[in-house]
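Nothing in this text is a laboratory measurement; each read-out follows from the coordinates by a stated rule. Remember, predicted model here, so these are calculated numbers, not experimental data. Cβ atoms come from the backbone with ideal geometry, glycine included; neighbour counts cover every protein chain shown.
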Amino acid sequence: MLQSSQTSAFTKRLFKNKGSSFGLILILLSMLLALSCYFISPDSSPNANRMIPEIGSKKPGFTIFLLRIKRDRLIKQAGFFERLLNGTEEAYQYVPISTYTTIKDSIIFQKFVDEGIVERKSIHISLTPEPPVMQTTYYLGTDKFGRDILSRLIIGVRVSLSVGLIAVVISLTIGILLGAIAGYFRGWADELIMWFINVIWSIPTLLLVFAITLALGKGFWQVFIAVGLTMWVNVARLVRGQVLAVRELEYIEATRALGYSDMRAIFRHILPNILGPVMVIAASNFASAIVIEAGLSFLGVGVQPPQPSWGLMIKENYNFIITHNPMLALAPGIAIMLLVLAFNLVGNGLRDALNVRGKI
């Protein structure tokens, strides 16, 4: 009953904080977006990789007619879970057109080549579905390959949330284990673990991530592991300090008097009572992991094309910031900022909710 009332009071304090409530809403929306990205993005092809070079680097709000032409091979229909995970393979080839008309069994169209440049062509109507032409609006414009920026932005949230989640799980697992051992047993175990922590701490984070990435190779999963293996140090130092303080309390002395094992004392009596500060640092590490992944992708050692990553999108389009279409790089930058802000706000809210000193 007491634990239930404490949880209720913690939840009230957390949601009373407007910043943390806003952050939680942003995170929940991002999670829903990541789960359903291939169902709601305008381009539901794998990795939103529908390339139409003729309409590359167009500004937000660009609208054009696309003629759909059937592919010369049978496209297997994707099931629900396959589409949920990887999207659906394109069944048509898309040709940008300015105007078209149907004459008997043929479609005569003006193919869009560039602004003010068209090419007259025709195609048999049996090679197109019904309707053959659809009007498409690119609300955030297109990149240099003619891919929809909005679709890649939506699917890219999955990478950022995944790298944050996996990196935090890895860092918490290693950090809690080593920190608890160092703080509880002290002595030579503490000295050895602290020496190792100080060595890792002395290496710049990006250099350490580079080294691990180069050792594991470039790729989707490698960057997750690399980021996670560099973020456990903060967790270990925090857990060690908390365990050092808690292990001297009377209820821990009672577990020793009752003959409980050290592992039971650590995992059943100490760790549950220090989860508050660990939750705060986990939220902070989540935000840091998103920024590190974006930096790695920007430098070319993170997520590899054509998989959409916000950092990779900035890399591909940052030269447009000072030219005619800055939104190509600003859109993923704003997305990174909002998601990182959300996790930092939640971290601050958790810190304030867990700090009950002076509160009734």
Helix 327-354 sits at what angle to the longest principal axis of the chain, using alpha carbons and giving 0 to 90 degrees rounded to 10? 20 degrees
Across the range 117-132, in residue order, what do the Karplus-derived ³J(HN,Hα) couplings come to in whole Hz, using 6.51 cos²θ - 1.76 cosθ + 1.60 with θ = phi - 60° and x for Gly and Pro? 10, 10, 9, 7, 9, 9, 8, 6, 5, 5, 8, 10, x, 10, x, x
Residues of the range 115-133 with backbone N under 12 Å of the label point set 7 Å from the Cα of Ile108 along Cα→Cβ are 120-123
Stretch Arg268-Ala245 to full length: gain in nm at 0.36 nm per residue minus the Cα-Cα span? 6.7 nm
In whole Å, largest first, what are the principal axis extents of the Cα atoms in the range 36-117? 41, 35, 17
Treating the angle as unsigned and between 0 and 90°, give the value, to the nearest 10°, between the Cα long axis of helix 2-16 and the longest Cα principal axis of the chain. 50 degrees
I want to check the label-to-label distance for Lys18 and Glu253. Put each point 7 Å from Cα in the C-beta direction and report it in nm to one decimal. 4.8 nm
Under 14 Å from the Cα of Lys218, which aspartates and glutamates turn up, not counting those fewer than eight places away in the same chain? Glu293
Just tell me which lysines come within less than 22 Å, Cα to Cα, of Lys59; anything on the same chain fewer than 8 places away is out. Lys111, Lys144, Lys315
Relative to the longest principal axis of the C-alpha atoms of the chain, give the angle of the C-alpha long axis of helix 275-299, reported between 0 and 90° and rounded to the nearest 10°. 40 degrees
Can you pull the one-decimal nm distance between simple spin-label points at Gln304 and Ile334, each 7 Å off the Cα toward Cβ? 3.3 nm
In sequence order, calculated HN-Hα J values of the range 96-108 (Karplus, 6.51, -1.76, 1.60; Hz; x Gly/Pro): x, 9, 8, 9, 7, 8, 9, 10, 6, 9, 10, 10, 9
Over the range 52-146, relative contact order from alpha-carbon pairs under 8 Å, at least 6 apart, %: 46 percent
Cα gyration tensor shape of the range 25-76, rounded if a/c is under 1.5, else prolate or oblate by comparing a/b with b/c: oblate
Which of these values of Rg and Dmax of the Cα atoms in Å was calculated from the structure shown: [x] 26.5, 94; [y] 19.1, 60; [z] 20.9, 65? [x]
Ordered by residue, what ³J(HN,Hα) values in Hz, to whole numbers, does the range 201-207 give under the Karplus form 6.51 cos²θ - 1.76 cosθ + 1.60, where θ = phi - 60° and Gly and Pro are x? 4, 6, 8, x, 4, 5, 5
Within straight-line cross-link reach of Lys12, lysines at Cα separation under 20 Å, skipping those fewer than 8 residues along the same chain: Lys359
Summarise the long-distance tail of P(r) for the range 176-301 by giving the % of C-alpha pairs beyond 26 Å. 33 percent
Size of the dipole of the range 52-146 about the Cα centre, Lys and Arg at +1 and Asp and Glu at -1 on the beta carbon, nothing else charged, in debye to 20? 100 debye
